[in-house]
Amino acid sequence: GKAQKSLATILEKGSLNNQEYKMLRKDKSEIIVNISSSALKNEKGKYYKTICLINDITEQKVAEKKIKIQEKRFKAILDSVPHAVIGLEERKIIFASAGTKNVFGWDAKEIIGKSTRIFYRSHKDFERIAGLVYPRLAERATYAIDFPCRTKKGKDIECLVSLARAAGFEKDKNVVVMYEDI
């Protein structure tokens, strides 16, 4: 049906790349395929033949669906924590839980890609605390410390900050941090 119509348009337009379709095997079981194709031109410039590469991607799609379900579960668990759970890479925010709004006033989406400097009262505090935390994380997998932070509205709050090394810590200092307003 849909795949046949698309393949017919290849003869008019010249190519169709990476289109996914549901198809049936001879045994009537459904599969998902990825079709990449191109049409050949004759001497008169008319498309006359279609070449298709058809890949069964059913297992890949099933795996992707399972991963999405796991990601949703993981996000739901983290978002149920009332504290800010932040994923960092080189002190840049790559993940933020919904609790970030509770603690700091920022929506998680607002701070992705920003420096953690936004949580500190000053650049001096930002550097001083890094000097305390990162050497200890190099020695052990986790570390906790309390220090003053600053909210989106500029209010100073005292936070218990729990840090854990993540994969690739030595290379790019991936860290998971939980900020609890105490």
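Please go through the residue pairs K101/K155; K72/K114; K114/K173; K75/K109; K26/K66 and name each one whose alpha carbons sit more than 18 Å apart in this structure.
Cα-Cα > 18 Å for K72/K114; K26/K66; rest within.
Ignoring everything but the protein chains, give the 1.4 Å probe accessible area of I112 in square angstrom, nearest 10.
80 Å²
Per 0.36 nm of contour for each residue apart, how much would the distance between T50 and E110 grow if the chain were fully extended, relative to their Cα-Cα spacing? Show your work: numbers first, answer last.
Values: separation 60, 0.36 × 60 = 21.60 nm, distance 4.74 nm.
So the extension gain works out to 16.9 nm.
For a quick check, take a GNM of the chain with Cα springs below 10 Å and name the residue from Y134, Y143, Y47 with the largest mean-square fluctuation.
Residue with maximal mean-square fluctuation among Y134, Y143, Y47: Y47.
Reachable lysines from K46, Cα under 24 Å, same-chain residues fewer than 8 places away excluded?
Of all the lysines, those that pass the test against K46 - Cα under 24 Å, at least 8 places apart if same chain - are K2, K5, K13.
What number results when the radius of gyration of the chain, computed over Cα atoms, is divided by 2.2 N^0.38 Å?
Working it through for the chain, the quotient is 1.63.
Relative to the longest principal axis of the C-alpha atoms of the chain, give the angle of the C-alpha long axis of helix 2-13, reported between 0 and 90° and rounded to the nearest 10°.
Its long axis makes an angle of about 80 degrees.
The values are calculated or read from the model by the stated rules, or taken from the named source; none is laboratory data. Values in this document were obtained by computation on a predicted structure and should not be read as measured data. What goes into the accessible areas is simple: the full protein's heavy atoms, side chains included, and nothing from ligands, DNA or RNA. Shrake-Rupley method; radii C 1.70, N 1.55, O 1.52, S 1.80 Å.
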